[in-house]
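Computed from the coordinates by the stated procedures, all read-outs in this text should not be read as laboratory data. In this text the structure is predicted, and so the values were computed from the model without any measurement. Neighbour counts run over all protein chains shown; Cβ positions are idealised from the backbone, glycine included.
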Amino acid sequence: MHKIRVQRVKEVEYQRIKNQYLLIKKNILWQTFKNQRAFQKQEGIFQNSKKLLAKKTSKGVRYWKEVGLGFKVPKDAIEGNYIDKKCPFTGNVSVRGAILKGIVISTKMTRTIIIRRDYLHYVAKYNRYEKRHRNVPVHISPAFGPVKEGDIVVCGQCRPLSKTVRFNVLKVIPNEIIGNVRKQFVLF
Amino acid sequence: MGISRDSRHKRRLTGGRMPIHKKKRAFEKGRQAAMTKLVSGEKRVRRIRVRGGNFKFRALRLSEGNFSWGSQGIAKKAKIVEVVYHPSNNELVRTKTLTRGVIVQVDATPFRQWYAKKYNVELGSKKKDKKEGQPEATKKSRSLIKKLEQRAKDNAIDALVQEQFTNQRLLVRITSRPGQSGRADGYILEGKELEFYIKKVEQKKK
């Protein structure tokens, strides 16, 4: 009996460690970009001063900044190795203007997600409301780790980052959704 | 003559077409790319009047540039010898086109001379020359000798950079935009960046 119990405990331990390992691996994949043709570095940070070169295996200087409005800088932004010029913490974008909240519906793009914002539109003739929604493409920094569909996200307005992206993720609130994410109506 | 930089010709985020209800405007116009070529000894730069009465200098042929050595804090004018790598397009390497971000080989003599003057050490000299002894052509005052001794404490440079001095060629990344400013300026690659690009160049040779 004792042996079986021990074995089961070991299995649980094994699963836990395996899940941790898979999460770390996913995280690493999330943070690294495919084989790049140009050297990835933060613009404006000089990595080759005599002091740094002398250190040989130094981590190098990393630039990061606070975005303001009480948003915490994720640990991965300060300690990580990723280079993202569109990241609000380690890149060249400033967050100003509107702050939106939405629910993630798609994470298939590299470093950008699509969120859904629901709202009610008033129809005066019938004194009633109708449900409407908008999909907003939002840039997500590798600092946040893998985000899944259904998570709630707070994003801030910044300058245009691409043809359609004008927002940047500032905070991720993990969330479980039952059913299809695209059919949910969640008012914030 | 046709190159326009508007967004009216593009589709919407939803995929729908945008109705074209305006003609192309002059403030949206674009011009032909410069495609600055590396031609030894030649410098051809055209001045172009742009919007607002300002000028852009379109370099068509360049051979020299001002390159900075970041860790030493100096910049010297040097000749560009060869285009070695371009992260966007291999074609640009073949046609020896200078753009921003291209990796070129630059003549190392101005930097070697500066280093010799400052630290009294000949970079890139082979061991045979050392045995013959350094040519003491100029007399050095006592204060100068003292200064040199002081400086000798931190005259270490990146090993990979030092290797490049033996070939008289330094790898440099162009950071100016030759088609906009008319110059090909850049910085000498050092550290991790240098390792990265050396690897890329080796890969290409294979």
Residue-by-residue Karplus 3J(HN,Hα) for the range A:41-54, coefficients 6.51, -1.76, 1.60, Hz, glycine and proline x: 8, 7, 5, x, 10, 8, 8, 10, 5, 3, 4, 5, 5, 5
Overall Cα dimensions of chain B - principal axes, largest extent first, Å: 79, 42, 29
Student exercise, chain B dipole from Lys, Arg, Asp, Glu Cβ charges, in Debye to nearest 20: 1440
For residues of B:189-197, the mean tally of beta carbons on other chains within 10 Å: 5
Cut-off under 5 Å, modelled amide H: who pairs with B:A75 long-range: B:W69
Given charges at beta-carbon only (K, R positive; D, E negative), |dipole| of the range A:93-183 in Debye: 380
Rounded FRET efficiency, nearest 0.05, which uses the C-beta distance separating A:T110 from B:A26 and R0 of 45 Å: 0.75
At q = 0.16 Å⁻¹, base-10 log of I(q)/I(0) for the range A:93-183 (Debye sum, equal scatterers on each alpha carbon): -0.65
Highest to lowest packing among A:119-131, B:103-115, scored as the average C-beta count within 10 Å: B:103-115, A:119-131
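Provide the packing ranking of B:26-37, A:4-15, A:155-166, i.e. peptides ordered by the mean count of other C-beta atoms within 10 Å per residue, highest first. Let's see the in-between values first.
Details: B:26-37: 14.0, A:4-15: 9.8, A:155-166: 16.7.
Going by the mean number of other Cβ atoms within 10 Å, highest first, we get A:155-166, B:26-37, A:4-15.
Across peptide A:156-164, how many C-beta atoms of other chains are within 10 Å of each residue C-beta, on average?
On the way: counts 0, 0, 0, 0, 0, 0, 0, 5, 2.
Mean inter-chain Cβ contacts per residue within 10 Å come to 1.
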Test item: A:44-51 mean partner chain Cβ contacts at 10 Å: 5
Length released on extending from B:K96 to B:H9, taking residue separation times 0.36 nm less the Cα-Cα span: 28.0 nm
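Note the direction-averaged projected area, equal to a quarter of the hull surface, for the Cα convex hull of the protein assembly as shown, in nm².
Numbers: hull surface 142.2 nm².
Across all orientations, the protein assembly as shown yields a mean hull projection of 35.5 nm².
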Using θ = phi - 60° and Karplus 6.51 cos²θ - 1.76 cosθ + 1.60, couplings along the range A:67-78 (whole Hz; Gly, Pro as x): 9, x, 6, x, 7, 7, 7, x, 4, 5, 5, 7
Label-point separation in nm, B:S181 to A:R96, each point 7 Å along Cα→Cβ: 2.5
Long-range HN-HN contacts of A:L170 with modeled amide H, under 5 Å: A:V154, A:C155, A:G156
Net dipole in debye of the range A:63-108 [+1 Lys, Arg Cβ; -1 Asp, Glu Cβ; about Cα centre; nearest 20]: 180
Cα-based reach from A:K85 at 14 Å (exclusive), listing aspartates and glutamates while leaving out same-chain residues under 8 positions away: A:E43
Descending semi-axes in whole angstrom, ellipsoid equivalent of the range A:35-188, from the Cα gyration tensor: 37, 15, 13
Choice from B:R51, B:R25, B:R142 showing the highest fluctuation, given a GNM over chain B with Cα pairs closer than 10 Å: B:R25
Highest-first arrangement of A:63-74, B:90-101, where packing means the average Cβ count within 10 Å: B:90-101, A:63-74
HN-Hα J in Hz across the range A:108-119 - Karplus 6.51, -1.76, 1.60, θ = phi - 60°, x for Gly and Pro: 7, 8, 6, 6, 8, 10, 10, 10, 10, 10, 9, 8
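What is chain B's relative contact order, in percent, from Cα pairs under 8 angstrom and six or more apart in sequence? It would help to have the intermediate numbers written out before the result.
On the way: 327 pairs, mean separation 44.7, N = 206.
Computed over chain B, the figure is 22 percent.
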Cross-link pairs beyond the 29 Å C-alpha cut-off, checked among B:K77/B:K140; A:K86/A:K108; A:K50/B:K76; A:K183/B:K22; B:K79/B:K118; B:K10/B:K43: A:K183/B:K22; B:K10/B:K43
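Please report, ordered by residue number, every helix of chain B (full DSSP H runs) that is 18 Å or longer along its axis going by C-alpha atoms and whose mean Kyte-Doolittle hydropathy reaches 0.5. Don't skip to the answer; put the middle values down first.
Numbers: long enough: B:191-205 (22 Å, -1.33).
None clear 18 Å together with a mean of 0.5.
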